[in-house]
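The values are calculated or read from the model by the stated rules, or taken from the named source; none is laboratory data. Since we're looking at a predicted model, the values are computed, not measured. Don't worry about glycine lacking a Cβ; one is built from the backbone with ideal geometry, like all the others, and counts go over all protein chains shown.
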Ligand code: SF4
Ligand code: SF4
């Protein structure tokens, strides 16, 4: 999922200081799991805004904020509350924020969160980055551990000289991705997977902006 | 005779390191370079070492070349993508630089621009492959070039890395990618290094042992604690301690000289790379005591 983090409230207030009334839009998927855009967070955002003398015209937690058409349909009943507001505060990830920009072309839209990374929730409210969306997955060659993400240098051919008793040169809180990969492949007797030199990565598979159609092509 | 020829002829070679300064005042650096002139087979020029921004290694390599040194251009993958790296390599070649040391490079997190975007478009093994293509007259994509390069390319290895197996796997990859010589991370345990050399000798490459001059017991303890792959044995630390504060550096010079002598006399490796880290003026003394001058 997309891991989000609440923005500092003061920073947020600085961004929206010229507006008086707000519509709040959360998301029931990742942002809810991250505790940045579910019902409880909407409630406390409303209270915090009101304590600053602001007015909240309405709020809603979208089912999937990055699903543009679905969100558009869901927001129909809130037409009035949205038009009464000076601006919309989106409490999801950057993609959810841009759904709202697309749906309300004439309205200012502000994110309340920073979008951090694509990762897993490993324990309650603990998130670890797992994938950098590189466009050409190599997990099949690295024992299912992603060096592009888990190694701060994104190395493809083994550990750098900074690897230190299984820890990363960046700091002891990070496990060296290449020691993990090596140990896992050794355990499952697949070390030959990393014996050959990995060529420089083809980053053209990640040319921005990316776009993809998963629709079946009609056979003619 | 060039660094390459000396190594290939089987001579015991000596290299040292010059770190380009931060800022344009190069007086001290030139002074050290003058002291080392005529004494070394080649001199490494570091590339924004420890991710601290300084003068580029290419410019200083050229200056040293003009002074009569033979530079080894250190190149890291931290700050340039594959286009920048190849372009700088071609530039180095037309400036007359013959040797290049291919490294991945310390993460910006270690340096004085922690907010920098790290590049690492390619890494050490792949950079060696890139140099190999340029030497063969094409760029890394296989595009013909008007004139290729003629580099003698090397790499680094940490013989006391823990765990060692992934490090040795990477060493082998560097050899197959075209590394012709290696300069190692600092070694202090000659017996352990000899074991590493038993492995390394099965490959057609030259190995220069890394000698970092110990300046105090505190420095040794610090490196043991914070520098990955460096293990200074307790008896060496005691030797420096027992020498007393005033003579600590002198004891460090003796240790370095003794190790170099042993590596050469017992034909353990093909040469040494002396890193004096701030005490460059002591390199000639180390060499003298090692019987190299
Ligand atoms: S290799 Fe890593 S970054 Fe690329 S798609 Fe797979 S998991 Fe994601
Ligand atoms: S120590 Fe390991 S994880 Fe950290 S940068 Fe080096 S190879 Fe990558």
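Before we move on, is residue A:176 at pLDDT 95 or above, within 16 Å of ligand 1 (Cβ to nearest atom) and under 27 Å from residue A:3 (Cα atoms)? Against the criterion (at pLDDT 95 or above, within 16 Å of ligand 1 (Cβ to nearest atom) and under 27 Å from residue A:3 (Cα atoms)), residue A:176 does not qualify. The lone criterion from (1) exposed (fewer than 13 other Cβ atoms within 10 Å of the Cβ); (2) within 14 Å of chain B (Cβ to nearest Cβ); (3) in contact (Cβ under 8 Å) with a residue 12 or more places away in the chain left unmet by residue A:142 is number (1). Between A:174, A:194, A:170, the distinction of being under 23 Å from residue B:229 (Cα atoms), within 14 Å of chain B (Cβ to nearest Cβ), loosely packed, with under 15 Cβ neighbours inside 10 Å and touching a residue at least 12 places away in the same chain (Cβ under 8 Å) belongs to A:174 only. The numbered conditions (1) over 23 Å from residue B:142 (Cα atoms); (2) away from chain A (no Cβ under 12 Å); (3) surrounded by fewer than 20 Cβ atoms within 10 Å (Cβ to Cβ) are all true for residue B:94 except (1). The residues on offer are A:157, A:120, and the sole one that is away from chain B (no Cβ under 14 Å) and either within 16 Å of ligand 1 (Cβ to nearest atom) or touching a strand residue (DSSP E or B) at 6+ places or on another chain (Cβ under 8 Å) (or both) is A:120. For beta carbons closer than 6 Å, sequence separation of 6+ or different chains, a first residue in the stretch B:162-185 that is facing another protein chain (nearest Cβ under 9 Å) and a second that is at pLDDT 95 or above and part of a helix (DSSP H, G or I), the qualifying pairs are B:166/A:178; B:166/A:182; B:173/B:125; B:174/B:125; B:174/B:128; B:177/B:125; B:177/B:128; B:177/B:129. Of all residues in the stretch B:201-231, those satisfying the criterion of being away from chain A (no Cβ under 13 Å), out of contact with any helix residue (DSSP H, G or I) (no Cβ under 7 Å at 6 or more places or on another chain) and either touching a residue at least 60 places away in the same chain (Cβ under 8 Å) or crowded, with 22+ Cβ neighbours inside 10 Å (or both) are B:208, B:212.
Let's see how each residue does on (1) away from every other protein chain (no Cβ under 12 Å); (2) surrounded by fewer than 18 Cβ atoms within 10 Å (Cβ to Cβ); (3) outside any strand (DSSP E or B):
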{"position": "B:112", "(1), (2), (3)": "yes, yes, yes"}
{"position": "B:127", "(1), (2), (3)": "no, no, yes"}
{"position": "B:133", "(1), (2), (3)": "no, no, yes"}
{"position": "B:147", "(1), (2), (3)": "yes, yes, yes"}
{"position": "B:150", "(1), (2), (3)": "yes, yes, yes"}
{"position": "B:156", "(1), (2), (3)": "no, no, no"}
{"position": "B:159", "(1), (2), (3)": "no, no, yes"}
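Of the strands (runs of 3 or more DSSP E) lying entirely inside the stretch A:2-99, those containing at least 1 residues that are more than 18 Å from residue A:125 (Cα to Cα) and modelled with pLDDT of 95 or more span A:21-27, A:55-62, A:87-90.
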